Amino acid sequence: MIIDNDTIVAIATGNAPGAIGILRISGADSLDILKRCHQATKALEPRQMTLRKLYDPENGELLDQVMLCYFPAPHSYTGEDVVELYAHGGRLNLARILDALCGAGARLAQPGEYTQRAFLNRKLDLSQAEAIMDIIGAQTQRALREAQKQLSGSVSKPVQDLRQQLLKIIITLESCIDFSEQEELLSLPREELRADFHKIIAQIQAMLRASESLRLDGYRVALLGKPNAGKSSLFNMMLGQDRAIVTDISGTTTDTIQERVKLGGIDICLIDTAGIGDADNLIEQLGVERSLKEAERADIILWICDINDNFTLPPESVCRNLDAYIEENAFFLILNKIDLQSSHTTTESAFGLLQERFPKLDRGQIFELSTVTGAGMVYFEEKLARHLRTREEENEGLALVTSQRHITLLRNSLIALTRALEALQDGLPAECIAADVRDALDALGQIVGSIAADDVLNAIFSQFCIGK
Ligand SMILES: Nc1nc2c(ncn2[C@@H]2O[C@H](COP(=O)(O)OP(=O)(O)OP(=O)(O)O)[C@@H](O)[C@H]2O)c(=O)[nH]1
Ligand SMILES: [Mg+2]
């Protein structure tokens, strides 16, 4: 990535044609470059819209009639002089204006260069710059909300707060380091430091825990059960479309299929799986392996049974994960095919059997329905949606870290702090402890970008598209 003082230009509104397309010029020569493209003599008033005709400086040809807005440095997105041009949004029209502005002295911006300049001019920190990319790329409401929060400082603020706490510790430690010229040495307040370390470690752990429970792509809701129970039928019903193949042949679904859908306004990723039973061939075996994997990583497990089949507990391979799900109210038992009369299972007997093995199971976690007649569907979906909403609300107030880069750095800081705490407890000298605390501080600094190597910055900003 080129980092220089060139004045840059790009189309800010993407490639699709629209009524208006915005071009943005940023850099010290913004106004001069623009002047070469219009004939008006009156200066642009800062932050006021002005209508101007633009001409190609090479041949004087009329380009377009545009609205202009001038944002003088440092009060602009990049912190530099910026002019935004609101032109007619045709692709060809915008490309021609872009060419003319380049002909007048601007350079075409690199991907992410505007945001990078904003970062270098301290208009935002690195986590906020990344949030902008996440806002642009968000696929779900949840992802969008978290990115907006991150832009407002939901990551920067707690991280900066942690850094302040660590800096204080370093100052304390350094005042106890035995420099030979120092006459009087302060003794290390070990108990106080231990309490401080514990507090900071707990704060980082809480951030990591909250982030692990977050699903930006929507909560993973897995439909699991024996072959032929009606998983694919329920999958199609919840999607409102005939997505998965349904037949009365046991083992119809051989692979996991997932689709995104909204339930009660909340994004979920619904997963249909291969029936868990005796696999006859390699394909079915592999399918079952995938189903079991889903049973481990899903946020919610829906175990589907045919109510006309005698209810048995799910196999041990699934059961061993179920305790945590049941406790979090994230396991639901669906007794399907209630439209058929020959019911061998009663809800009570299924509940009784399950409760024997899982005493924390609640009666409200069992549903009866028919994917053929639709009976019980509204009630079930409403209950599931209510559960999802509760989960969302629980996450709402937490400082959530969504970027893998941030999570890795938080983990690194945690490792360094654990080392520091051990060093303190082992009675090691202040300088050893300080070295570990500095490592933790460095890791946190990389989240907000107060310490960042060029290659890290380049890797982050080059993920943006041109014009951002
Ligand atoms: N009567 C009745 N039949 C149902 C119901 N739900 C599913 N079926 C039928 O049960 C059979 C199996 O349904 P699927 O949805 O393919 O079952 P599955 O659990 O996905 O099966 P595998 O993919 O083989 O694991 C099909 O013939 C469905 O039409 C229901 O509520 N009532
Ligand atoms: Mg199926």
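Bear in mind these aren't lab numbers, they're just calculated from the coordinates by the rules spelled out. If you're wondering where the values come from, they're calculated on a predicted model, not measured in any experiment. Note: ideal-geometry Cβ built from the backbone for every residue, glycine included; neighbour counts use all protein chains shown.
Over the C-alpha trace of the range 402-468, radius of gyration and Dmax come out as 15.3, 54 angstrom. Evaluated with a Cβ-only charge set (Lys, Arg +1; Asp, Glu -1), the chain carries a dipole of roughly 1460 debye about its Cα centre, given to the nearest 20.
With the gyration tensor restricted to C-alpha atoms of the range 219-396, the semi-axes of the equivalent ellipsoid amount to 21, 19, 18 Å, longest first.
In this structure, the residue pairs whose Cα-Cα separation is over 19 Å, taken from Lys226/Lys337; Lys231/Lys337; Lys35/Lys123; Lys293/Lys337; Lys123/Lys149; Lys157/Lys199, are Lys35/Lys123; Lys293/Lys337.
Give the angle, between 0 and 90 degrees and rounded to the nearest 10, that separates the Cα long axis of helix 282-297 from the longest principal axis of the Cα atoms of the chain. The answer is roughly 70 degrees. Normalised by the number of residues in the chain, the mean separation of alpha-carbon contacts (under 8 Å, six or more apart) gives a relative contact order of 17 percent.
The angle separating the long axis of helix 141-151 from the principal Cα axis of greatest extent in the chain is about 40 degrees. Between the residues Gly427, Val456, Gly376, the greatest Cα displacement towards the positive end of the dipole of the range 362-468, with unit charges on the Cβ of Lys, Arg, Asp and Glu, is found for Gly376.
Computed from point charges on the beta carbon alone (+1 for Lys and Arg, -1 for Asp and Glu), the dipole magnitude for the range 1-160 about its Cα centre is near 520 Debye. Normalised by the number of residues in the range 8-125, the average gap of Cα pairs under 8 Å and 6 or more apart makes the relative contact order 32 percent. Is the range 1-51 rounded, prolate or oblate when judged by the Cα gyration tensor, a ≥ b ≥ c being the square roots of its eigenvalues, rounded requiring a/c under 1.5 and prolate requiring a/b larger than b/c? Oblate.
Each listed q (0.11, 0.15, 0.17, 0.22 Å⁻¹) maps to a log10 I(q)/I(0) for the range 107-226 from the Debye sum over equal C-alpha point scatterers, namely -0.63, -0.87, -0.97, -1.23. Computed on the Cα atoms alone, the convex hull of the chain gives a volume of 214 cubic angstrom per residue.
Taking a ≥ b ≥ c as the square roots of the eigenvalues of the Cα gyration tensor of the range 16-122, is the shape rounded (a/c under 1.5), prolate (a/b larger than b/c) or oblate? Since a/c reaches 1.5 and a/b is larger than b/c, the shape of the range 16-122 is classed as prolate.
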